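The structure appears below as structure tokens.
The values are calculated or read from the model by the stated rules, or taken from the named source; none is laboratory data. Keep in mind the model is a prediction, meaning the values are calculated, not measured. Every residue, glycine among them, receives a Cβ derived from its backbone with ideal geometry; neighbour counts consider all protein chains shown. Surface areas here come from the heavy atoms of the whole protein model, side chains and all, with no ligands, DNA or RNA. Shrake-Rupley method; radii C 1.70, N 1.55, O 1.52, S 1.80 Å.
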Amino acid sequence: MHVFEASDIVKIAVRIEENGFAFYKFAEQIAKQEEAKKLFSHLASEEVNHKKIFEGIFAKMEKYSPQESYEGEYSSYLNDYVDNNIIFTKDTLDKELAKIKDTVTALDFAIRRELDSILYYHEMKRFVPVAQQETLDQVIDEERKHFSKLSEAKKRFCA
């Protein structure tokens, strides 16, 4: 029995990107170097682009329509799950943001979250039908690109 459809995972991916956008806007505000400000602004834009990609994937997918006690119950559950349990959670953000004082600590946080995202999507592949796993591979590929950009940026700022 499959717990999630791939469309559910893509909905979560969209939410993760929204939360990531909020983080990068914060990082942009605290950055002191102009190059860092531009980097975080660019990464925030990438989060918006990733969200659009995931929304495009979602639009092409067969929608999962669970039985709901009230309209929007399932969507609300998915959003709360993301906000409170994975990747860019409010609690994690609050605790981690308090520790972020410079560009390098912001990059470290972002790199960890991208790796968490990649791991999450790999794990979730077990819960979707084989025919829908290619969709998750597309999501993973997008997150890998983001991770690579962050890693390269960290090398420049730590040099």
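Multiplying the sequence separation of E123 and A59 by 0.36 nm and subtracting their Cα-Cα distance, what value in nm do you get? Don't jump to the answer; show the numbers that get you there.
Numbers: separation 64, 0.36 × 64 = 23.04 nm, distance 2.28 nm.
Length gained between E123 and A59: 20.8 nm.
Go through D8, D108, D91 and list them by solvent-accessible area, largest first, probe radius 1.4 Å. Intermediate values should be presented prior to the final figure.
Numbers: D8 0, D108 45, D91 90 Å².
Ranking D8, D108, D91 by accessible area, largest first, yields D91, D108, D8.
Please report the net charge: other residues with Cβ closer than 14 Å to the Cβ of H42, K and R +1, D and E -1.
Values: positive: K25, K37, K38, K145, K149, R156; negative: E28, E34, E35, E46, E47, E152.
Neighbour charge sum, excluding H42 itself: 0.
Which ³J(HN,Hα) values in Hz, rounded to whole numbers, follow from the phi angles of region 36-42 under the Karplus curve 6.51 cos²θ - 1.76 cosθ + 1.60, where θ = phi - 60° and Gly and Pro get x?
3J(HN,Hα) across region 36-42, in whole Hz: 5, 4, 5, 4, 5, 4, 5.
Would you mind checking the pairs K52/K149; K60/K99; K38/K125 and listing those with alpha carbons more than 30 angstrom apart? Working shown, then result.
On the way: K52/K149 19 Å; K60/K99 40 Å; K38/K125 34 Å.
From K52/K149; K60/K99; K38/K125, over 30 Å: K60/K99; K38/K125.
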